[in-house]
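Everything below concerns the one structure shown next.
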Amino acid sequence: MNATTAGTLAPARPAISTFERYLSVWVALCIIVGIALGYALPGLFGVIASTEVARVNLIVAVLIWLMIVPMLLKIDLGALGSVRQHWKGVGITLFINWAVKPFSMALLGTLFLGWLFRPLLPEAEISSYIAGLILLAAAPCTAMVFVWSNLCDGDPTYTLSQVALNDIIMVFAFAPLVGLLLGVASITVPWDTLLISVLLYIVVPVIVGQVIRGAVLSSGGQPALDRLLSRLGPVSLVALLTTLVLLFGFQGQAIIAHPLVIALIAVPILIQVYFNAGLAYWLSRRFGVAWCVAAPAALIGASNFFELAVAAAISLFGLNSGAALATVVGVLVEVPVMLSVVRIVKGTRPWYERRVA
């Protein structure tokens with residue numbers, strides 16, 4: 001793309017890879033492999049579970065860093081200077097991400113898992129499932145939204161500036177927001193572990209990502225960064241899938257004993273995604289936002305930074321917790337649901353622009 005305001009380059013428009021398009025298939029395979037390995041090699045999983053410091057599993061922490069840091073390399077914090085160009089779209093997405101989505105998820109989780117589905121779920125894990133949903137909704141997506149925005153022909157400058165702004169806000173708001181909502185859901189908040197998670201999985205990766213990004217751009221420019229991202233992309237996805245194998249290795253017995261659990265946890269996630277995407281899209285239309293901004297606004301408003309949610313759930317509640325399982329369900333449904341949202345916003349573009357024009 002051409003240069004944008006303040007000398008910030010718009011991100012390259014990435015095409016979604018075959019691997020990413022079928023991410024839900026790979027996640028489903030990880031469920032099968034993880035459960036099988038959990039039964040076949042329980043001793044190995046016990047050793048992995050024991051490698052903890054301050055409730056942070058060291059092996060999983062390394063895998064999560066391999067997931068998160070490559071994604072954060074795509075974020076140019078200098079894009080914050082262009083926020084004012086699309087202030088309406090930015091304002092709507094911020095409202096959805098921070099004032100609607102976490103609270104709507106807490107409400108939906110409590111309604112469905114804590115009440116309607118309670119007889120079908122293991123009683124001891126219900127509060128943990130709800131906590132996982134809250135963690136999932138409290139972290140706006142930072143990386144895959146570039147793919148969704150590209151697929152719906154969204155404005156890349158808006159997408160970049162919105163993601164950069166969300167990352168900055170997340171550094172300061174994630175822990176207080178999660179603490180508030182877990183408290184409302186009557187779940188004990190381990191504040192020390194939560195703050196360690198924020199430092200370990202948000203603050204430090206953002207700093208490391210920006211340092212590496214700056215060094216690579218200084219030495220080789222945008223082509224060098226693109227080459228690095230191309231090499232690291234598969235590493236990030238493999239780390240994600242490896243983490244899922246570990247999670248399902250610990251969750252295997254619970255899943256087999258309760259085969260409906262994953263489907264029931266997915267219900268509030270699905271409702272939340274479509275509700276928040278629809279609300280962001282409708283508000284954009286109501287306030288006269290251009291479609292090329294409204295489309296990615298709906299996608300950013302609906303998607304989640306599931307890598308961070310998985311990391312926080314593991315740190316706060318453990319590898320074999322219901323919270324970790326709930327965040328993994330978010331990974332399972334993320335790709336097909338967001339692709340459906342892309343199709344919806346593209347299919348309704350004539351309707352959207354008739355009123356705005």
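The values are calculated or read from the model by the stated rules, or taken from the named source; none is laboratory data. Model, not experiment: these values are computed from the prediction. Please note: Cβ atoms are built from the backbone with ideal geometry, for glycine as well, and neighbour counts cover all protein chains shown. The area values use the complete protein model at the heavy-atom level, side chains included, leaving out ligands, DNA and RNA. Shrake-Rupley method; radii C 1.70, N 1.55, O 1.52, S 1.80 Å.
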Expected field for VAL47, accessible surface area in Å² at 1.4 Å probe radius, rounded to 10, holds 90
Order by accessible surface, 1.4 Å probe, largest leading, for residues LEU66, LEU120, LEU135 comes to LEU120, LEU66, LEU135
Computed over region 256-321, the Cα gyration tensor eigenvalues, each multiplied by 5 and square-rooted, give semi-axes in Å (largest first) of 32, 15, 7
The FRET efficiency for ARG231 and ILE59, from their Cβ-Cβ distance with R0 = 30 Å and rounded to 0.05, is 0.85
Taking TRP65, TRP148 and ranking on accessible area (1.4 Å, protein atoms only), highest first, one gets TRP65, TRP148
Rounded to 0.05, the calculated FRET efficiency for the beta carbons of LEU116 and ILE256 at R₀ = 22 Å is 0.40
Taking N as the residue count of region 276-357, its alpha carbon Rg divided by 2.2 N^0.38 Å gives 1.38
Ignoring ligands and nucleic acids, ILE32 exposes an accessible area, probe 1.4 Å, in Å² to the nearest 10, of 110
Amide H neighbours of ASN304 at under 5 Å, excluding residues fewer than 5 places away on the same chain, with H built from the backbone geometry, are CYS141
By the Cα gyration tensor axes a ≥ b ≥ c (a/c under 1.5 gives rounded; else a/b larger than b/c gives prolate, otherwise oblate), the shape of region 213-309 is oblate
In nm, the gap between the two label points placed 7 Å beyond Cα toward Cβ at SER340 and ALA215 is 4.4
Taking only protein heavy atoms and a 1.4 Å probe, the highest-to-lowest accessible-area order of ASP226, ASP76 is ASP226, ASP76
